[in-house]
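Please treat every number below as a calculation from the coordinates, not as lab data. Model, not experiment: these values are computed from the prediction. Heads up, the Cβs are rebuilt from the backbone with ideal geometry, glycines too, and the neighbour counts pull from every protein chain shown.
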Amino acid sequence: MKRVRVLVANQPRLMRELIISTFADQSDIELVGEVGNQEDIREAVEESRPDVLILEMDDRNKYRLDCGFLLGRYPDMRILALAPEQNHAVFYWAIVDVRSKALESSEAGILNAVRQRPSVLGTAPV
């Protein structure tokens, strides 16, 4: 059984400790690190390559880190953003969907493909 690798990056130490103690008895979850400083999150993700990153949202329900950047760089990772003061949590993940379309095998077909802005409509998954 593959263990879920978790990186905990919540600012209040008490919150990190509560999350870590929740996972302590879970045989299918492996804690790969903890981060107390927001500026260190990207480096910690790069080093540990977690399956799940748990971080804290600020009081305006925005992430303290650019989730889009991280999910773009690590599309297999998931992010659990917690706002304990508001009793609120959000789970983020990315879906990479590769699509294709048959082209005319000609100079015009190639030039049209290079110039085209693909859309989700009218294409088929690869």
For V4, work out the one condition from (1) within 13 Å of the chain's Cα centre (by Cα); (2) in contact (Cβ under 8 Å) with a residue 40 or more places away in the chain it doesn't fulfil.
(1)
Among residues belonging to the stretch 1-47 that are hydrophobic (A, V, I, L, M, F, W, C) and loosely packed, with under 12 Cβ neighbours inside 10 Å, point out the one that is nearest to M57 (Cα to Cα).
L14
Taking the stretch 82-98 and keeping only residues that are among the acidic types (D, E) and over 27 Å from R13 (Cβ atoms), one is left with D97
Return the residues of the stretch 81-101 that are assigned to a loop (DSSP other than H, G, I, E, B) and either surrounded by 13 or more Cβ atoms within 10 Å (Cβ to Cβ) or on the phi < 0 side of the Ramachandran plot (or both); say none if nothing qualifies.
W93, A94, I95, V96, D97, V98, K101
Options E34, E56; residue that is touching a Leu at 6+ places or on another chain (Cβ under 9 Å), among the acidic types (D, E), at negative phi and in contact (Cβ under 8 Å) with a residue 40 or more places away in the chain
E56
Can you say whether R115 is surrounded by 12 or more Cβ atoms within 10 Å (Cβ to Cβ), farther than 14 Å from A9 by Cβ and either without any contact (Cβ under 8 Å) to a residue 60 or more places away in the chain or among the basic types (K, R) (or both), as far as the supplied structure shows?
no
